[in-house]
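Working notes, structure below.
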Amino acid sequence: MDFVDQLKSQLDIVDVVGHYVRLKRNGASPRHVGLCPFHTEKTPSFGVHSVHQFYKCFGCDAKGDLIKFVMEIEGTTFWESLKLLSDRYGIPMPQRQRPDDPEARSRDALFEMHEIAARTFEENLNGPAGADARGYLERRGVSPEALREFRLGLADARGQQLVQRLQRFGPELMEDSGLIAKRQESSGFYDRFRNRLMFPIHNESGKVIAFGGRALGPDDQPKYLNSPETKIYRKTFVLYNLHRAKAQARKLDRMILVEGYMDAIGIYQAGIQNVVASCGTSLTNEQVRSIKRQIAQTEANAGHVVVNFDPDAGGARGTERSINLLLAEGLRINILTLPGDADPDEFIQRQGVDAYRRLADSAPTYFRWLADVARTKFDMQSAEGRVQAFQFLWPSLQRVHDKLERAALVNEVSSYLGIDPQLIREQFRRASPDESAIRRVAAISSSVPPNERLLLSCILQSEDARSAVLHYLGAGGVPGNLQLKTIFEAMLAMQNGGSPFTLTTLIDRLHERDQKIVGELTFQDASIDAESATAQAIHCLKALEMKSIDDRRSALRRRIRDVENEGKLEEALRLADELQKMENEQRPKRNGPC
Ligand SMILES: [Zn+2]
């Protein structure tokens, strides 16, 4: 068994995908569903099949096995994905299987360089040079445990430490890493981060891929300096602390969103682990989706994001944009404002984590919070002021797509502001787009004749049905008039070639339309009773075969009529003989299993 087969046999795709996407099992069936990580969606159309070890999205048509999934979601090559899985699940990769692909080698080197940098920074912070920085962290209330867990560090002030330690990787990789910069004027290199408190940034697998550096001197600019984008660091995809936050976020259906590294650390060390930081920039679609992947199960249960930064101070930091993105993804938002505009870590130190938790639990919804802002802005005593207040809320209300959710909000907001709900509903009706105009993805498999669809469903869902049907087809060939002929032939060819049946190998042998049909039927909702699958399959097969014979007979009759009309009597007689023979046969000659 080669390493790829070994990985596939030891790992379960449901675990591998579940690392990134929150999956829900569909009753007792082997189908799990979740929100597709590859496109934006509100209702899950992403399926993972535990028997076939296969995933498929019905929205964007992403599909494949667990290795393909890792390649797509991590943006890694085939070999890197093998290596990642081998590291993550502790399945050692034989030396000879190691990649020889230059791209993979350079990414590997970048990971290694970041690990070296992280260790170097940690050593500095814990050494004699780190006294001031340690003092600063102590004043900010960072515990020694949190300091270790978050791997905080210190960049050396002279700017040559990493240059020396990373020398062996060569000038090109040193520059590519974003850790080292090239001198503009003369030749030579220097460390990008100097005399800064260093916050390692991890990917979802927990590997260090970048750093944020906070200035320690009062005059050092900028206050925060971040790694540039590199081959292993795509800014728009990464949230600070996500790899530590996700387990608890999944359990609680809730994620706390803060602005800075120190905020996240302060909350986390107090025992609230489901916290991520946007690091001061407005969120991107990808980041919102990676939050949503952790906390949302279905549209009705989209999960909550507790936003703990002041949306009012917005503008420059794009807070409003971030909130709009969260709303557009169907997430519920609560706004947590701390008294006196305190930072979360300061607040927890002064008031304790329980006070923080209480405030987080009772944080008003975004709309309630916005309505409060409106109440202070407009004269709520006059009808005119109330309408203005509503108009102020209107653009955000419009972003809630879910009808039920929106109706509930309208009721809440209108009673809170003292406005006639009817007035608000009128507004919605005028403004909402024609929902019927939304294009629905048509299921291709619905165009397949019912008997063929059922036959294929049976043999995809039941191994017994599959071997019975393939045995039967192997003896007599695939009836010629089947729409899905190529799919059955591909399965036969696999069996005859001695390769075990897997959905991935089947899909690889098919054209796009057939791939879609197989995908749809594998994940269809109507499951087939395992007991009767074989009987149903054989029944369909016989019906199809009868139909095939009928079709041939009709074609023959038409042909006879044609040659008679052309006056070719001899030929007509010969064909009539053939027809007679066929009718004598009545039923298919061979006897299949029943
Ligand atoms: Zn998709």
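Please treat every number below as a calculation from the coordinates, not as lab data. In this text, all values refer to a predicted model and were calculated from it rather than measured experimentally. We place every Cβ from the backbone using ideal geometry, glycine too, and count neighbours over all the protein chains shown.
Annotations for the structure displayed:
- Environment charge at GLY75 (Cβ cut-off 12 Å; Lys +1, Arg +1, Asp -1, Glu -1): -3
- Mean sequence separation of contacting Cα pairs (under 8 Å, at least six apart), scaled by the length of segment 444-585, corresponds to a relative contact order of 35 percent.
- Whole-Å semi-axes of segment 142-185's equivalent ellipsoid (Cα gyration tensor): 27, 12, 9
- Subtracting the Cα-Cα distance of GLU463 and ASP2 from 0.36 nm times their residue separation leaves 163.5 nm of extension gain.
- Anchor LYS182: aspartates and glutamates whose Cα lies under 12 Å away (excluding residues fewer than 8 positions away in-chain): GLU172, ASP191
- Descending principal axes extents, segment 61-183, alpha-carbon based, whole Å: 51, 35, 31
- Charge context of ARG194, other residues only, Cβ under 11 angstrom, K/R +1, D/E -1: 0
- Calculated mean residue ellipticity at 222 nm for the chain: -16000 deg cm²/dmol, from DSSP H runs with n ≥ 4 weighted as -39500 (n - 2.57), summed, divided by the residue count and rounded to 500.
- Summarising the label geometry, the points placed 7 Å from Cα in the beta-carbon direction at HIS511 and GLN95 lie 4.9 nm from one another.
- Selected from PHE211, CYS60, HIS114, residue furthest toward positive end of dipole (the chain; charges at beta carbon): CYS60
- CYS60-ARG88 FRET efficiency (beta carbon distance; Förster radius 22 Å; 0.05 resolution): 0.30
- The chain - Rg over Rh from alpha carbon coordinates, Kirkwood radius: 1.10
- Geometric descriptor of segment 237-363, per residue, is 92 Å³ (volume of the convex hull of the Cα atoms).
- Charged-residue dipole, Cβ positions (Lys, Arg, Asp, Glu), the chain about Cα centre, Debye nearest 20: 260 debye
- Cα-based Kirkwood hydrodynamic radius, segment 1-140, one decimal, Å: 17.7 Å
- Charge dipole (Cα centre; +1 on Lys/Arg Cβ, -1 on Asp/Glu Cβ; no other charges) of segment 444-585 amounts to roughly 240 debye.
- Over 21 Å between alpha carbons, listed pairs LYS63/LYS251; LYS207/LYS231; LYS42/LYS63: LYS63/LYS251
- If R0 equals 56 Å, the separation of the Cβ atoms of GLU320 and ALA28 corresponds to a calculated FRET efficiency of about 0.80.
- Remark: for residue pairs LYS246/LYS377; LYS485/LYS568; LYS8/LYS547; LYS83/LYS246; LYS56/LYS547, the C-alpha separation exceeds 31 Å in LYS246/LYS377; LYS485/LYS568; LYS8/LYS547; LYS56/LYS547.
- At full extension, ALA328 and LYS251 could sit 25.4 nm farther apart than now, given 0.36 nm per residue minus the alpha carbon distance.
- Beta bridges per DSSP with both ends in segment 237-363, % antiparallel, nearest 5: 10 percent
- Linear extension gain, GLU229 paired with LEU573, 0.36 nm per residue minus alpha-carbon span: 115.9 nm
- The aspartates and glutamates whose alpha-carbon is closer than 14 Å to the alpha-carbon of LYS68, local same-chain residues fewer than 8 away aside, are ASP5, ASP12, GLU80, ASP508.
- Taking other residues whose beta carbon is less than 13 angstrom from the beta carbon of MET113, and scoring Lys, Arg as +1 and Asp, Glu as -1, yields +1.
- Efficiency of FRET between THR236 and GLN349 - r from beta-carbon atoms, R0 35 angstrom, step 0.05: 0.60
- Order of ILE528, ILE201 - criterion: other Cβ atoms within 10 Å of each residue's Cβ, fewest first: ILE528, ILE201
- Kirkwood-Stokes translational diffusion coefficient of segment 316-423, alpha-carbon pairs, 20 °C, 1.002 mPa s, µm²/s: 140 µm²/s
- For segment 444-585, the convex hull spanned by the alpha carbon atoms encloses 129 Å³ per residue.
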